[in-house]
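Report on one structure; see the data block that follows.
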């Protein structure tokens, strides 16, 4: 059956998520509407579909051990020239994001992997577009501010249409509830309210 591409991230809540997604589209990034605004914990990773229940069980454990923390975005940054990305900076909660992504990718877990670049939590607002548009994104969002309490993260899957869709939310401090007989499942997985 091949593989599926998954990712784990912290969603940027409304109204900030839609606003930044629209700005990203406005800068000419064609991928903007297929990528919910987020802070990455696990970058796109190919896995066997049969591994998804183990991935979810692992993420349940990570979330159960986690605690809410404050997140704040402020101003812009860029990975240029190393990588053609402009982002909004995470100025509060970065250490908590770093610890969380280490737990998600822990070597003994089902989604252990090395990263191409050192982990740096951020919210992408322009990627692989013309330099002039990248400069505009950097300048126009330089005063951008947003803050919210982070209470969990989510597992996403990228469809054949390149659109990322949420599979499930994982709330901090929530112990996994054993599935009950007769619960509906999807791909052999228990459906949970998200």
Practice prompt. Select from the stretch 160-194 the residues that are in a loop (DSSP other than H, G, I, E, B) and at pLDDT 95 or above and write down the one among them that is farthest from the chain's Cα centre (by Cα).
Written response: 172
Worksheet entry | Residue, modelled with the lowest pLDDT, within the stretch 13-33, restricted to residues that are over 18 Å from residue 142 (Cβ atoms) and surrounded by 15 or more Cβ atoms within 10 Å (Cβ to Cβ) | 31
Practice prompt. Using the structure shown, decide if residue 139 is more than 16 Å from the chain's Cα centre (by Cα) and either at pLDDT below 95 or over 29 Å from residue 5 (Cα atoms) (or both).
Written response: yes
Response to the item:
Restricted to the stretch 34-55 and to residues being touching a strand residue (DSSP E or B) at 6+ places or on another chain (Cβ under 7 Å) and surrounded by fewer than 14 Cβ atoms within 10 Å (Cβ to Cβ), the residue nearest to residue 133 (Cα to Cα) is 44
Worksheet item: If you go through the stretch 73-88 one residue at a time, do you hit one that is at pLDDT 95 or above and at positive phi?
Response: yes
Practice prompt. Could you please find all residues in the stretch 95-118 being closer than 20 Å to residue 59 by Cβ and part of a loop (DSSP other than H, G, I, E, B)?
Written response: 105, 106, 107, 108, 109, 110, 111, 112, 113, 114, 115
Worksheet item: Taking the stated definitions as given, is residue 141 in contact with a strand residue (DSSP E or B) (Cβ under 9 Å, 6 or more places away or on another chain), within 23 Å of residue 167 (Cβ to Cβ) and surrounded by 15 or more Cβ atoms within 10 Å (Cβ to Cβ)?
Response: no
Worksheet entry | Residue ID - surrounded by the most Cβ atoms within 10 Å (Cβ to Cβ), chosen from residues in the stretch 67-81 that are in contact with a strand residue (DSSP E or B) (Cβ under 7 Å, 6 or more places away or on another chain) and in a loop (DSSP other than H, G, I, E, B) | 79
Worksheet item: When only residues in the stretch 119-134 that are under 16 Å from the mean Cα position of the chain (by Cα) and in a loop (DSSP other than H, G, I, E, B) count, which is surrounded by the most Cβ atoms within 10 Å (Cβ to Cβ)?
Response: 121
Worksheet item: Does residue 102 qualify as being loosely packed, with under 14 Cβ neighbours inside 10 Å and within 19 Å of residue 148 (Cα to Cα)?
Response: no
Worksheet, complete the sentence: residue 89 meets each of (1) farther than 21 Å from residue 31 by Cβ; (2) out of contact with any helix residue (DSSP H, G or I) (no Cβ under 9 Å at 6 or more places or on another chain); (3) in a strand (DSSP E or B) with one exception, condition (1)
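The values are calculated or read from the model by the stated rules, or taken from the named source; none is laboratory data. Just so it is clear, the model here is predicted, and its values are computed rather than measured. As a convention, Cβ positions derive from the backbone with ideal geometry for all residues, glycine included, and neighbour counts pool all protein chains shown.
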